[in-house]
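One structure is given here, and the rest of the page talks about it.
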Amino acid sequence: MAWDRNQMAARAAQELQDGMYVNLGIGIPTLVANYIPEGVQVTLQSENGMLGIGPFPTENEVDADLINAGKQTVTALPHTAYFDSSESFAMIRGGKINMAILGAMEVAENGDIANWMIPGKLVKGMGGAMDLVAGVARVIVVMDHTNKAGESKVLKACTLPLTAQGVVKRIISNLGVLDVGEGGLKIVECADGVTEAEIRAATEATIVN
Amino acid sequence: MKKVYGSAHDALDGLLFDGMTIAAGGFGLCGIPELLIDAIREAGTKDITVASNNCGVDDFGLGVLLKTRQIRKMMSSYVGENAEFMRQYLSGELELEFNPQGTLAERMRAGGAGIPGFYTKTGVGTVIAEGKEHKEFGGETYILERAIVADLAIVKAWKADTTGNAIFRKTARNFNPPAAKCGKICVLEVEEIVETGMLDPDAIHLPGIYVHRLIQGQHEKRIEQRTVRAA
């Protein structure tokens, strides 16, 4: 047993605290918005220039001028604010966004992250990922612990081109929760039905404790 | 001075030349200067370097200038939506300079603000930092990024008055203000031109000083990812 996509998103949502400004990446991180705990108010940022992302529109509400960073149509909320892209990244670079939750191809035990290119494969670009991981105070990665070939994505050192060095604070995988710390990763929590031994077996990185 | 022109073709008269650099506003297909892009296609200007976050899709936005081989180089952060882009890039016909999205926006903003470069943490320790000056501030490493000043900026807003004071709508603002500011000349297309005095001066997003020429027209405003919930 391990967590599925929705359970990973639900676990990541437990990281959110009342009053936070948060940027969610594409994929599983987007699902985090469905699990925001009751009584916790968070404002979601979209790096194309919006604070306060609302739900997807109904057919009648669709507006070509209102999209998120994944280019999906969205809606506004009563506290929504719009701004241009340089302002958007000023608040990201300036450390105003409390948390970024994003996916990754690889994370290393020192907090390095690779999530934008695989050499020899089609390169689409880094978008805002490099700015987000470099500028946001707390970076949390949500990803599967291993790749399709069963190889660990939690490594001693990243093999793919980096998105940033030493920025990841916590990894939430299908197997559990690990923190980046002195000398390696620390197991914080095991997913339902997963043992520490199973996490260790699926992790190439050093695990301390 | 008259800023309002009758068509995109007229507004670009005398501004286009082979080998020029153009900054374009828009994010994905949202808020793109679709009328000016079409007029550049008709003009046939070649070897253009375009600074724009994305490059449209195969048959809309900047993608139409790829199809006609008018673009020599793109400066972008994400180009994943465009098959023709990938084909030209992989065959070596098209140059590509990847910029982190915030770095691209700030390079434009800086270019318009008379700031030739700035230091940022974004990209430190990655391929983006290769060949760039590194400098420490307060024990942290930053890299030098240089401003972009374009020969021409093409941007899209919602409304403008006849002096070029402009207002954007929702997330269609995106890269348009920084792109407008970094152009030596800026041509703006809007959905509606109103008489001067009709816009609230407190509500202006882009002051007319940045806008040299102005047109009004019909916009298709194509949606890339129509995502809806049940009513």
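The residue pairs whose first member lies in region A:64-90 and is on the phi > 0 side of the Ramachandran plot, whose second member is open to solvent by 30 Å² or more (accessible area, probe 1.4 Å), and whose beta carbons are closer than 6 Å, counting only pairs six or more residues apart or on different chains, are A:Lys71/B:Glu224; A:Lys71/B:Gln225.
Taking first residues from region A:184-209 that are open to solvent by 80 Å² or more (accessible area, probe 1.4 Å) and partners that are among the polar types (S, T, N, Q), the Cβ contacts under 6 Å between residues at least 6 apart in sequence or on separate chains come to A:Lys186/A:Asn209; A:Glu204/A:Ser152. For the subset of region B:138-179 comprising residues that are among the polar types (S, T, N, Q) and surrounded by fewer than 23 Cβ atoms within 10 Å (Cβ to Cβ), which member is farthest from the other protein chains (Cβ to nearest Cβ)? Result: B:Thr162. Of the numbered criteria (1) in contact with a Gly (Cβ under 6 Å, 6 or more places away or on another chain); (2) within 21 Å of A:Gln7 (Cα to Cα); (3) open to solvent by 10 Å² or more (accessible area, probe 1.4 Å), the one A:Val168 fails is (3). Figure legend. Inter-residue proximity from region B:138-164: first residues farther than 30 Å from B:Gln218 by Cα, second residues in a strand (DSSP E or B) and of a type in the set (Lys, Arg), beta-carbon distance below 8 Å, spacing 6+ or different chains. Indicated pairs: B:Thr141/B:Lys135; B:Tyr142/B:Lys135; B:Ile143/B:Lys135; B:Leu144/B:Lys135.
Considering only residues in region B:32-48 that are closer than 28 Å to A:Ser88 by Cα and open to solvent by 10 Å² or more (accessible area, probe 1.4 Å), the one that is nearest to the chain's Cα centre (by Cα) turns out to be B:Ile32.
Counted as qualifying within region B:1-100 are no strands (runs of 3 or more DSSP E), as none has 1 or more residues that are free of Cβ contacts under 8 Å to residues at least 12 places away in the same chain, away from every other protein chain (no Cβ under 14 Å) and among the aromatic types (Phe, Trp, Tyr). One residue stands out in region A:53-69 among those that are β-branched (Val, Ile, Thr) and assigned to a loop (DSSP other than H, G, I, E, B): the one that is surrounded by the fewest Cβ atoms within 10 Å (Cβ to Cβ), namely A:Thr58. When only residues in region A:34-52 that are within 14 Å of another protein chain (Cβ to nearest Cβ) and within 23 Å of A:Arg5 (Cα to Cα) count, which is most open to solvent (accessible area, probe 1.4 Å)? Ranking the qualifying residues of region A:34-52, first place goes to A:Asn34.
The values are calculated or read from the model by the stated rules, or taken from the named source; none is laboratory data. Just so it is clear, the model here is predicted, and its values are computed rather than measured. Here the Cβ is made from the backbone with ideal geometry for all residues, glycine too, and neighbour counts use every protein chain on show. Side chains included, ligands, DNA and RNA excluded: accessible areas come from the protein's heavy atoms. Shrake-Rupley method; radii C 1.70, N 1.55, O 1.52, S 1.80 Å.
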